[in-house]
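Have a look at the structure below, then the notes.
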Amino acid sequence: MEEAAREMPLLAAHLEERRAAQSAFVRRRPFTVIAARLHELEPAPVHPWARPLRWAQPALALCALLALGLPLLRPAPDVEERIRVRGGLTTRLHVKRGDAVFEQALDVALRPGDRVRLEVEDPVGGALYVLAVDSRGQVTPLHGFAETGGALRLEPGRMALPGSLELDAGPEREALVFVLTASAPEAPSPTAVRRWLEQAARTTRFPPTLEPLPSLRHVVRELRREQP
């Protein structure tokens, strides 16, 4: 499997995700606790030849818990928090605040004057678009459009986007929308992507709820700010 993963980015990304989930599970559910609970149970009589199998019960129970629990686990608090949608698209926000530079976690609010650098990662890649939308319904293209420097292609892997954003002290809520379209005839054009977001932004809900389009995947990240 490891040899195949070196030639298959999708498999490599899947293995990395499963290893991270397994590590998070072990930290939150230590094996010693599971073993102690199993030893509290009265063992059933077993044939002498079968007695060594008793020592495998804790390991088997852990494997069963991993198999059943992994799809439902959330990362432990010390696991790096990222935004990921089904299909592998991942986004990260790197924040420069004074002399400090850090990756924004979900529970960290931004401040006016923070400079934000955007990073995206995907095992497949495609045409990438990034837009900003505020609570008034205003949509602003940032990357991937003719007026922002032209088309932007994300190759399989990770890419830091050029430039950075500086947060102002305005009262409006703001969010970033990352859109990745496949190389397919039915993939939406840049104009269709913008109209798709503008239509969703007309509702009172914020961040807007976006209906899926053919050959399109997206991530919405609100730029949550500290309250005065």
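The values are calculated or read from the model by the stated rules, or taken from the named source; none is laboratory data. Since the model is a prediction, treat every value here as computed from it, not as a measurement. As a convention, Cβ positions derive from the backbone with ideal geometry for all residues, glycine included, and neighbour counts pool all protein chains shown. We work out accessible area using only protein heavy atoms, side chains counted, and drop any ligands, DNA or RNA first. Shrake-Rupley method; radii C 1.70, N 1.55, O 1.52, S 1.80 Å.
The residues in the stretch 210-228 that are assigned to a loop (DSSP other than H, G, I, E, B) and surrounded by 10 or more Cβ atoms within 10 Å (Cβ to Cβ) can be counted, and the count is 7.
Here residue 141 passes the criteria (1) within 30 Å of residue 17 (Cα to Cα); (2) part of a strand (DSSP E or B) except the one numbered (1). Among the residues making up the stretch 160-209, a single one is part of a loop (DSSP other than H, G, I, E, B), touching a Lys or Arg at 6+ places or on another chain (Cβ under 9 Å), exposed (fewer than 14 other Cβ atoms within 10 Å of the Cβ) and of a type in the set (D, E, K, R): 172.
Of the residues making up the stretch 119-151, those that are within 19 Å of residue 92 (Cα to Cα), among the hydrophobic types (A, V, I, L, M, F, W, C) and open to solvent by 10 Å² or more (accessible area, probe 1.4 Å) number 4.
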